[in-house]
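Taken together, the values in this text are just the output of simple stated rules run on the coordinates, not laboratory data. In this text the structure is predicted, and so the values were computed from the model without any measurement. Positions of Cβ are backbone-derived with ideal geometry, glycine not excepted, and every protein chain shown enters the neighbour counts.
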Amino acid sequence: MNFLSLFVRNLVHGPYTDPFPFAPAPTAARFRGKVAFDPETCEACRKCERACPTGAIRFERTPEGMTFDCWHDTCVFCGNCAFHCPTGAIHQTADWHLAHLQADKYLQVEHGLIPAIVCSSCGGKGLDSAPAIGKIKPPLSPEETQELRSLCPKCRAKYLKDRRQRA
Ligand code: SF4
Ligand code: SF4
């Protein structure tokens, strides 16, 4: 195809590329973009941290609770974290906007906090994390879930043992 016919064809059909940055550029279905985290549904199992091949995910115990950080500049968008997460608390979004100034590199982070709690039963230290529902049979009612969230790990284990014995 010579230049003239190519020119005419492009005039008729329009450009093959998206007009970014003057309009949004759509992403494909199941596009693997920036990681997002939901502390409300996180079990604090830390499977995502262990599964991450680049060390982009870090959990840390602080007086306020368990902090979550995912560094976008270290992430390679492999999807391992989302694949291994039992609750869907971590997932990849369609957001691919990662260009930033060098000065802003330490701002490229998804941050979350699973708040610390005082156990409503024994007064010990706990986390307001989601109960590991995958292992619990029969499934928890919303009231039981709420009660479990207010307990420390030891009291959660006792609560579930008593529940199994009652079943
Ligand atoms: S997508 Fe891959 S590299 Fe990125 S945080 Fe998840 S496991 Fe780590
Ligand atoms: S529940 Fe998901 S997001 Fe939370 S620690 Fe476990 S794997 Fe990570």
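How charged is the neighbourhood of residue 152? Take every other residue with its Cβ under 14 Å from the Cβ of residue 152, and add Lys/Arg as +1 and Asp/Glu as -1.
+4
Mind giving me the FRET efficiency for residue 165 and residue 99? R0 is 41 Å, r the Cβ-Cβ distance, nearest 0.05 is fine.
0.10
Once you have the Cα-Cα distance between residue 78 and residue 108, take 0.36 nm times their residue separation minus that, and quote the gain in nm to one decimal.
Stretched fully, the residue 78-residue 108 segment lengthens by 9.0 nm.
Calculate, in nm to one decimal, what residue 5 and residue 145 gain on full extension: separation in residues at 0.36 nm each, minus their alpha carbon distance.
Here the answer is 43.7 nm.
Can you compute the charge dipole magnitude of the stretch 28-166 about its Cα centre, using +1 on each Lys and Arg Cβ and -1 on each Asp and Glu Cβ, nothing else charged? Give it in debye, rounded to the nearest 20.
In debye, rounded to 20, the stretch 28-166 gives about 840.
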